[in-house]
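Take a look at the structure set out below.
The values are calculated or read from the model by the stated rules, or taken from the named source; none is laboratory data. As the structure is a prediction and not an experimental result, all values here were calculated from the model. Reconstructed Cβ throughout: ideal geometry from the backbone, glycine too, with neighbour counts over all protein chains shown.
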Amino acid sequence: MAPLKRPLTVRVDRKVFPAVGGRPENLVLKNVEFQVEPGSFVVITGPSGGGKSTLLNIISGLDKEYEGAIDFGGNNDRLAFVFQTPRLLPWRTVYENVALTLPPGDPRLANIPEMLKRVGLTDAANAYPEMISLGMQRRVALARAFVLEPELLLMDEPFVSLDDPTAQGLRELLVELWSRRPTTVLFVTHDRPEAVMLGTRILRLSNGAATIAQDVPVRLSVVDRTDREKVRAEQRRIFGEA
């Protein structure tokens, strides 16, 4: 696993959702431009409905209807996407869902047992998604993304709708996985404490036709990120609030 070899360059001059059912067209993103350095963990935050997920879909290539350009500094074959829902196939086991993105015979298949151990799912390897909790399903989604060994990992509010202890446990797991297997991460959330705990850098989108309102580094070590008091202090520094 390795991060992108060169910076990711994002330029979205204009993203519009067309008029539908009598509603006027909706200008979602305007003049959004930034670079992501290899190996960094960039969090995109901002108001709900403010274009965060749309921006991630554009970067991933899922949304091609925009004005601008995305430059990966090479190819984007090693890209993984973790969505708001785990998106597990119900007729496949935990092990099979983690292996889903790898072709038969791929040497990375040998890493799955160790990855399941890392995320605490060894005993659930042969279980089906309906047999495990939502928090465990999200662990499966994390394992599937990291076993792919992506150069770029996109994450769209992957811990939303979880109770706080479960979400906090998954955040700590993500920090551990990322520190052990460095990659370039773009992570979308509207949760400011989560943004501070996870990111090495925060991009905050503005209201309305979103542009970048704030671009600031996070000054926390890997150890500091599990200390809630230090996270709160850094949140006050960045956002001016507790």
Of a type in the set (D, E, K, R), under 17 Å from the mean Cα position of the chain (by Cα), surrounded by 14 or more Cβ atoms within 10 Å (Cβ to Cβ) and in a helix (DSSP H, G or I): is that true of Arg138 in this structure? yes
So Leu109, is it part of a loop (DSSP other than H, G, I, E, B) and within 30 Å of Met131 (Cα to Cα): no
Select from the range 79-118 the residues that are surrounded by fewer than 19 Cβ atoms within 10 Å (Cβ to Cβ) and basic (Lys, Arg) and list them in ascending order. Arg87, Arg92, Arg108, Lys117
Does the range 157-174 include one or more residues that are of a type outside the set (Gly, Ala, Ser), closer than 22 Å to Gln35 by Cα, surrounded by fewer than 16 Cβ atoms within 10 Å (Cβ to Cβ) and at pLDDT below 90? no
Checked pairs for the range 162-182, first more than 16 Å from Arg144 (Cα to Cα), second modelled with pLDDT under 90 and assigned to a loop (DSSP other than H, G, I, E, B), C-beta under 6 Å and 6 or more apart or across chains, list as Ser179/Val222
I need the full set of residues from the range 1-53 which are in contact with a helix residue (DSSP H, G or I) (Cβ under 9 Å, 6 or more places away or on another chain), in a loop (DSSP other than H, G, I, E, B) and among the aliphatic types (A, V, I, L, M), in order please. Met1
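Conditions (1) in the same structural domain as Ala167 (by TED's automatic domain parsing); (2) surrounded by 13 or more Cβ atoms within 10 Å (Cβ to Cβ); (3) modelled with pLDDT of 90 or more; (4) not β-branched (Val, Ile, Thr), marked per residue:
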| position | (1), (2), (3), (4) |
| --- | --- |
| Ala195 | yes, yes, yes, yes |
| Thr200 | yes, yes, yes, no |
| Ile212 | yes, yes, yes, no |
| Arg219 | yes, yes, yes, yes |
| Val222 | yes, no, no, no |
| Glu229 | yes, no, yes, yes |
| Arg232 | yes, yes, yes, yes |
| Gln235 | yes, yes, yes, yes |
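What are the residues in the range 209-227 that are in contact (Cβ under 8 Å) with a residue 12 or more places away in the chain and either over 18 Å from Trp178 (Cβ atoms) or of a type outside the set (A, V, I, L, M, F, W, C) (or both), if any? Give the derivation first.
Of the residues in the range 209-227, the ones in contact (Cβ under 8 Å) with a residue 12 or more places away in the chain are 209-220, 222, 225-226.
Result: Ala209, Ala210, Thr211, Ile212, Ala213, Gln214, Asp215, Val216, Pro217, Arg219, Arg225, Thr226.
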Can you find a residue that is surrounded by fewer than 19 Cβ atoms within 10 Å (Cβ to Cβ) and either within 23 Å of Lys52 (Cβ to Cβ) or in the same structural domain as Ile212 (by TED's automatic domain parsing) (or both) anywhere in the range 123-134? yes
Quick check, is Thr93 without any contact (Cβ under 8 Å) to a residue 24 or more places away in the chain and of a type in the set (S, T, N, Q)? no
I need every pair where a residue in the range 112-126 that is within 12 Å of Arg144 (Cα to Cα) has its Cβ under 9 Å from the Cβ of a residue that is assigned to a helix (DSSP H, G or I) and among the polar types (S, T, N, Q), sequence separation at least 6 or different chains. Pro113/Thr122; Leu116/Thr122
Of all residues in the range 179-199, which are of a type in the set (Val, Ile, Thr) and in contact with an Asp or Glu (Cβ under 9 Å, 6 or more places away or on another chain)? Thr183, Thr184, Val188, Thr189, Val196
Hey, can you tell me all the residues within the range 18-56 that are free of Cβ contacts under 8 Å to residues at least 24 places away in the same chain and surrounded by 14 or more Cβ atoms within 10 Å (Cβ to Cβ)? Asn26
